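The values are calculated or read from the model by the stated rules, or taken from the named source; none is laboratory data. Remember, it's a predicted structure, so these values are computed and weren't measured experimentally. Here the Cβ positions follow ideal geometry from the backbone for every residue, glycine too, while neighbour counts run over all protein chains shown. For the accessible areas, the whole protein counts, side chains as well, though only heavy atoms, and no ligand, DNA or RNA atoms are used. Shrake-Rupley method; radii C 1.70, N 1.55, O 1.52, S 1.80 Å.
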Amino acid sequence: MSGGGAGPSGRAFATRSDTAGWLMPVSRAVLSWVQPRPANNVIIGAFDPAATRAGLAGFEGSALLLAGEFDRNSPPRAVAACAELFRRGAFVEQPGAGHCPWGDDPDRFVVTVASFLV
């Protein structure tokens, strides 16, 4: 798989091969926004549940948390609870999927994510 594509809504989406270029910089930017870093590069408050909840509650964007129905690593119930920590969090449980819903039913996954991005 290479490059991105367009979902049912016509909006662009990234595929596995082209996410590496933007995923890490975005992750670093989000992490640096959540908490300042000391010289040893450890994220302050990373293991502090209260600080984590406050950081998520302060996030002003929309967040989609999606779990597979049969995911034993990230059970839908736990993911739904995490979605509630965001001001504008949305939770979707993908029927019939496990821990990798994009692989279990790629079409359903793309439709779900694309409709969220519209």
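Which of the residues belonging to the range 103-118 are surrounded by fewer than 16 Cβ atoms within 10 Å (Cβ to Cβ) and touching a residue at least 40 places away in the same chain (Cβ under 8 Å)? Of everything in the range 103-118, those that are surrounded by fewer than 16 Cβ atoms within 10 Å (Cβ to Cβ) and touching a residue at least 40 places away in the same chain (Cβ under 8 Å) turn out to be V111, S115, F116, L117, V118. Given the conditions (1) modelled with pLDDT of 95 or more; (2) assigned to a loop (DSSP other than H, G, I, E, B); (3) not aliphatic (A, V, I, L, M), report the number of the one that P38 does not fulfil. Looking at each condition in turn, P38 falls short on (1).
Summed over the range 85-102, the residues that are open to solvent by less than 50 Å² (accessible area, probe 1.4 Å) and part of a helix (DSSP H, G or I) give a count of 1.
Taken over the range 72-84, the criterion of being open to solvent by less than 70 Å² (accessible area, probe 1.4 Å) and assigned to a helix (DSSP H, G or I) is satisfied by P76, A78, V79, A80, A81, C82, A83.
Selection of the range 62-102 for residues being in contact (Cβ under 8 Å) with a residue 40 or more places away in the chain and either among the hydrophobic types (A, V, I, L, M, F, W, C) or touching a Ser or Thr at 6+ places or on another chain (Cβ under 8 Å) (or both) yields L64, L66.
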